[in-house]
1. Conditions first: (1) of a type outside the set (K, R); (2) touching a Lys or Arg at 6+ places or on another chain (Cβ under 8 Å); (3) modelled with pLDDT of 95 or more. A:P257 passes all but one, so which condition is the exception?
2. All but one of (1) touching a residue at least 60 places away in the same chain (Cβ under 8 Å); (2) farther than 19 Å from D:V102 by Cα hold for D:F232; state the number of the condition that does not hold.
3. Among (1) facing chain A (nearest Cβ under 7 Å); (2) assigned to a loop (DSSP other than H, G, I, E, B); (3) among the hydroxyl-bearing types (S, T, Y), there is one condition D:T138 misses while meeting the rest; what is its number?
4. Quick check on segment B:72-89: of everything there that is touching a Lys or Arg at 6+ places or on another chain (Cβ under 9 Å) and surrounded by 17 or more Cβ atoms within 10 Å (Cβ to Cβ), which residue is farthest from the other protein chains (Cβ to nearest Cβ)?
5. Just to confirm my filter: which helices (runs of 4 or more DSSP H) fall fully inside segment A:106-196 and include at least 3 residues that are facing chain D (nearest Cβ under 7 Å) and modelled with pLDDT of 95 or more?
6. Restricting attention to segment A:436-468, and to residues there that are acidic (D, E) and without any contact (Cβ under 8 Å) to a residue 60 or more places away in the chain, which single residue is farthest from the other protein chains (Cβ to nearest Cβ)?
7. Of everything in segment B:32-54, what is at pLDDT below 95, more than 7 Å from chain A (Cβ to nearest Cβ) and not in a strand (DSSP E or B)? Give them in sequence order.
Amino acid sequence: MDMSVKKKLGLKEKYALMTRDLGWEPSYEKHEDVFPLIHYEGLKIHDWDKWEDPFRLTMDSYWKYQAEKERKLYAIIDAYNQNNGHLNVTDARYINAMKIFLSAVPSLEYNAHRGFARLGRHMAGVGPQVACQMQAIDELRHAQTQIHAISNYNRFYNGIHDWKHMNDRLWYLSVPKSFFEDACTCGPFEYIIAISFSFEYVLTNLVFVPFVSGAAYNGDMGTMTFGFSAQSDEARHMTLGLEVIKFMLEQDPDNLPIVQKWIDKWTWRGVRLLTIVAMMMDYMLPKRVMSWKEAWEIYFEENGMSLFKDLARYGIKVPDCVEQIKKEKHHISHQAWTTFYAAAPMTNFHTWLPNEDELDWLSEKYPETFDTYYRPRFEFFREQAEKGERFVNPNLPQLCQVCQIPMLFTEPDEPTQIAYRQVEHGGEKYHFCSDHCQHIFEDEPEKYVEAWLPVHQIMQGNCFAEGDDPTAPDFDPIASVLKYWHIVPGKDNGDFAGSEDEKNFAQWRGMATSNQ
Amino acid sequence: MSDVFIALQTNEESRYIVEALLQDNPNAVVDEQPAMVKINVPGSLVLKRETMEEVTGRAYDLQEMQIHLITLSGHVDEDEDEFRLAWND
Amino acid sequence: MSVQSIRPFEPVVKDAAANFHGLQVVYLCWDKHLMFYAPIAKMLPPSMTFGELIDAEITPAYSRHPDFARIDWSAVEWRKDGEAFTPALDKSLADNGITHKTAIHFTTPGLDGIGGSGF
Amino acid sequence: MQIDLRTVSIKPLRNTFDHLARRFGDKPASRYQEGSYDIQADANLQYRPTWEPEHELHDPGRTRIVMADWYAFKDPRQFYYGTYTLTRARQQESAESNFDFVDSRCLLGQLAEEDRQLALDVLMPLRHAAWGANMNNTGICADGYGTLITQPCMFAAMDNLGVAQYLTRVGLALGDTDALVAGREAWMNDDAWQPLRRLVENTLVTRDWFELLVAQNFVSDGLLYPLVYEQFVDTKLNGRGGAGVSMMCAFMTEWHGEMRKWSDAVIKVAAKESDANRALLSEWTRTWRDRCAEALAPVADRAFGDEAAAILDTVTQSFNDRAAKLGLDL
């Protein structure tokens, strides 16, 4: 047979044969039984074949390129661990940022993995199915590489010895947990807008680019490597995010208001979630690359806005919440760090007061707010600490019913007044940190009445250590809750100064640089 | 006109990609950050296989670039010969 | 129901009053005193008097603040779920209309945090 | 600061994470263990899934199989993303050189026209069956409980897609896009393929994910791969000048050999857990085996002509033996 007569197929044609051409219209079973999840959200899709995956990776290239990434990644992690690279970080305070990272992020990635698997099965076109499947397996990669990269820190530092147990229980970790469980319990179209578009395209650059670049700047090769390596997959995922939104909007004009509602909701949910990243960037990187505000301006206000300008031709509007975020960017990192500082006995990482140099950097980066509102707070805390009366807020906070963050945010135009919103539903009162969280609740109250709010769960008696008797005369509820979280007070949390982490790091670094 | 951008890990391979990008996009602006390099271009950006092959001196599959990619913004359009990023505004 | 669901379901209100063993959640916030970063949550018997609320709950919660000792309690302005109200100190929370998940906010005129900074 | 670390030997505070120490003792954990055990959320789940409000987001109640510990399903290959991807990349490299070798030596030219057509007739519709398998495994990963059993299904799904794509390349090498069109036409309309298509569509609406795992990865693969790749490609075609096809399908044979180890381990562990599980697994296996053997009969007829019944019988018998060894009563 003469092979040379065959026509050479282009990348696009070949890719179509390798994906779209594999599917078929079922006739022995009903289409709606094979794909039961695609109608109830009210989205209208007329032609699944209109989906175009711009990256066109077939499995052979996928395995090849991903294996190369994995080889590089693990070679660096191994070398970093073998050489006790953790002793090379600028200062051991930095490691606390990694504790938050491990406690919060791999579980998000993991849920993304399972969520995209659901879409990989239930989207009714091969194009989006394959794109979602690749993302599903990539997200598993991210969860695993993060655990592997940070695992070595656990061997030498406290607080993350039981990260997964804490992720399902510890109060502040209900914020990321509820974010992703909210997305994963949505229908497939809302899920993909929430994660691929709002989270991946609009927001994750803020986590993975400036923060990870910051990790590199602080000598953490391991984190830099898994962070950037994950982000190279994200570039594909973000493209999926943009593709999916175009696809939905082009399929039917009726989809616009639904999609807009989801964008509004998930941009806000995501921004609230990133509060902790803002704090990590401004307070937890001893050497700083850029402030949260600067990162926000570059990656959201410039890049994000180009995206919305591009989508304007479909009728998509910039979410209303963006106005509020513009105001809050001057505040949230400071509000979050002072909160964690005051809640130190209830966390799984160490906190500290910024030193003079750091205070000056913050003043310079936040000229409109820092000296007026936040520097005096740190000065007060320092004064108290120097007197031997380190400030701790002894109270359990009220949480927002939707984002689950303590109600610590202030009114957008009044930074000394806590913002509180309230509605009644089904005879019960519900409280929110903002108009946007309130609107999310009002849109789907049946969903959010089921929120697992850690403070209320503690009060109901659902968060005491197994075997502890709350009716016993010497019962100490806070001690029992810490035990339930698997947190050892003082060792896993509290001030960095004087901690076992600080002592060990100094000693080990001393061993590494002297003959002692 | 909005910028599109592409960010790459700083390493030997991406040096070539940056070089090719600068050749293919004369108005590109390079922004060096710790461990990464970001290239911003107004409106649209192109990376040509031909340029990469010239710069690296070997056959080049544009999908190889993904190994070094950190992030990007803009609509992606890729075939055997060109990788393009653009906004439609 | 307004949530888009493939099949209807009966939502379980996780924080229904009945789940708190005869007690009720009450939120307290001393406005303009952000040292305490957020309103606080307390679980209290509905029979507790408002006077007891001040002495047994508000006082230990906030006494650390330098402003606290200087509060003139007769001048305090109270709000209940956003509405101004005057509590009867000798009456129970229930009789003061404070039910499960009521938010009580109070301001202390002249005392707006350290140096008037709201902190 | 440049630190000379050769002199430093510091003693770690702990060897591994507590959840692994509770399972395996306080010793260094493998990357498979760290990346797999207990990492799915299993407490305090937040909201009701709108796509299935009857269950929680991660819920062991989506199957009738009951396990005291869902992390009993250790993957004998210990695949996590890294090891999985590296293994497949190596196989891909060898597949690539096989395709090159077949092409450069014009090996397909040794095949007679009727055998070339036969190869296309038998293999091309299977692209679509592989896509069905992909959807099933992706769905099992979504619905299953515990990473130890869900992650191998995600890997299997990607493998199923890989198989469909290798078959597409085989089709393009043996014929042209017309060969793929003809294969699709047969899958949709040819009587010989309708029982198999019906079976695949039945699996797509099977809601108990463990039953689906049994139907797809244990029974269907357990009959189809030996029949098509061992008996038809590697034995029959290979004996008739089809070494080139055999080389291009090497991934499938090797892959099935590897997957068997995993699916056997899954069945064995689940069956050993309780008599109720064993009865259920036996029932599922029996039902799906009978349906699958029936669906493969016309395919076998096309592939083997007069010998079809005997070959299908051998394959089924050896599957029965395999099931019996795992503790099932068929």
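The values are calculated or read from the model by the stated rules, or taken from the named source; none is laboratory data. Quick caveat, the model's predicted, so the values are computed rather than measured. Glycine gets a Cβ as well: all are built from the backbone with ideal geometry, and neighbour counts include every protein chain shown.
1. Evaluating A:P257 over (1) of a type outside the set (K, R); (2) touching a Lys or Arg at 6+ places or on another chain (Cβ under 8 Å); (3) modelled with pLDDT of 95 or more leaves (2) as the failure.
2. Condition (2) is where D:F232 drops out.
3. (2)
4. Residue satisfying both the conditions and the ranking: B:F83.
5. Hits in segment A:106-196: A:126-156, A:163-167, A:174-184.
6. Across segment A:436-468, the extreme among qualifying residues is A:D468.
7. Scanning segment B:32-54 gives a single hit, B:G43.
Condition check ((1) in a helix (DSSP H, G or I); (2) touching a Pro at 6+ places or on another chain (Cβ under 6 Å); (3) of a type in the set (S, T, N, Q); (4) buried (at least 20 other Cβ atoms within 10 Å of the Cβ)) across all residues:
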residue	(1), (2), (3), (4)
A:F441	yes, no, no, yes
A:A465	no, no, no, no
A:D468	no, no, no, no
A:L482	yes, yes, no, yes
A:A497	no, no, no, no
A:F505	yes, no, no, yes
